[in-house]
Amino acid sequence: MRDLKIPEQRHPEKARKPDNAQPKKPSWIRVKAPGGKGYAETARIMRDNKLTTVCEEAGCPNVGECWSQGHATMMIMGEVCTRACTFCNIATGKPPEDLDVFEPGRVADAVAKLGLNHVVITSVDRDDIEDGGAEHFAQTIRAVRHRSPDTTIEILTPDFIRCGPEALEKVVEARPDVFNHNLETVPGLYPEVRPGARYFHSLRLLQRVKELDPSMFTKSGIMVGLGEDRQSVIQVMEDMRAADIDFLTIGQYLQPTPKHHALDRFVTPEEFASFEKAAYGKGFLMVSATPLTRSSYHAGDDFARLREARNRKLGLG
């Protein structure tokens, strides 16, 4: 039995890789240690419902702030991912279990107990399953919708690269409010950062969501500090707008362990502000570009602003 708390067992494919230095974080990336009553209550609800969160598994720097406010991003389909992206801290390998048929109900129960106005649901990649977990995603969306009809639902999905077109159709038919799939990095870095994925497949996935349901908000994000240059980031923005993506997130890559992809540099807050300005200039409805931006950070507030931005664009607000 693997102990996923031991780095060599959590990421067996990285065990023989040489160590990369982990530079000290600059002052603008410091966060408070998690704690407090709200944090403890969120943790209790997650444990009672036997749920996994990406906040913990990916080592998110914002976990203290979000959990203290009763916000958590549910990670479905297990805690072991079939991909081995070099930036990610989620455990990798062959998942030890089949999908849990009771998980959608437990997610819905946790959303209700937390009283969430907006929930983000993500997952590991499950290339070992024929539809990549698409039906499980759809069932989870429906379960949350049934239990908490006023809660808006945002999903952050895998790329379904080994599945037929019906996999994506299943998820879109369940009608989440926001469909997010992260491009993660610029295309030139895919072979070393996201080797199991393909940049243009991910881009096309998001474009197809809009074709299937033009009213659905689409969202995608990248990390910076992996070795990209400014022009390649601007090109990603242009590619995303060509695919009609509504919402862009850009955050600082933080190297989880010495075995993960080397940190190239810490991008300054001024550079993030410049990226945000450029992205709005490209026509995105919503942009979040700060060192601590993550896909689901402040997602509820951002969704309200996203909806207002579209209403303004349509002359409705």
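Scanning segment 289-304 for residues being in contact (Cβ under 8 Å) with a residue 60 or more places away in the chain and either buried (at least 20 other Cβ atoms within 10 Å of the Cβ) or not in a helix (DSSP H, G or I) (or both) gives a total of 9. Considering only residues that are assigned to a loop (DSSP other than H, G, I, E, B), closer than 25 Å to Asp19 by Cα and within 19 Å of the chain's Cα centre (by Cα), which ones fall in segment 242-278? Selection gives Tyr253, Leu254, Gln255, Pro256, His260, His261.
When segment 166-175 is limited to residues that are in contact (Cβ under 8 Å) with a residue 40 or more places away in the chain and within 12 Å of Arg208 (Cβ to Cβ), the one that is surrounded by the most Cβ atoms within 10 Å (Cβ to Cβ) turns out to be Leu168.
With the structure loaded, tell me whether Leu212 is open to solvent by 20 Å² or more (accessible area, probe 1.4 Å), among the aliphatic types (A, V, I, L, M) and either on the phi > 0 side of the Ramachandran plot or touching a strand residue (DSSP E or B) at 6+ places or on another chain (Cβ under 8 Å) (or both) or whether it fails that test.
Numbers: open to solvent by 20 Å² or more (accessible area, probe 1.4 Å): yes; among the aliphatic types (A, V, I, L, M): yes; either on the phi > 0 side of the Ramachandran plot or touching a strand residue (DSSP E or B) at 6+ places or on another chain (Cβ under 8 Å) (or both): no.
Taking the combined requirement at face value, the residue does not satisfy it.
Within segment 122-151, the set of residues being touching a helix residue (DSSP H, G or I) at 6+ places or on another chain (Cβ under 6 Å) and either free of Cβ contacts under 8 Å to residues at least 24 places away in the same chain or not in a loop (DSSP other than H, G, I, E, B) (or both) comprises Thr122, Ala134, Glu135, Phe137, Ala138, Gln139, Thr140, Ala143, Val144, Arg147.
The values are calculated or read from the model by the stated rules, or taken from the named source; none is laboratory data. Computed from a predicted structure; not experimentally measured. All Cβ positions, glycine included, derive from the backbone under ideal geometry; neighbour counts span all protein chains shown. The accessibility values were calculated without ligands, DNA or RNA, using every heavy atom of the protein model including side chains. Shrake-Rupley method; radii C 1.70, N 1.55, O 1.52, S 1.80 Å.
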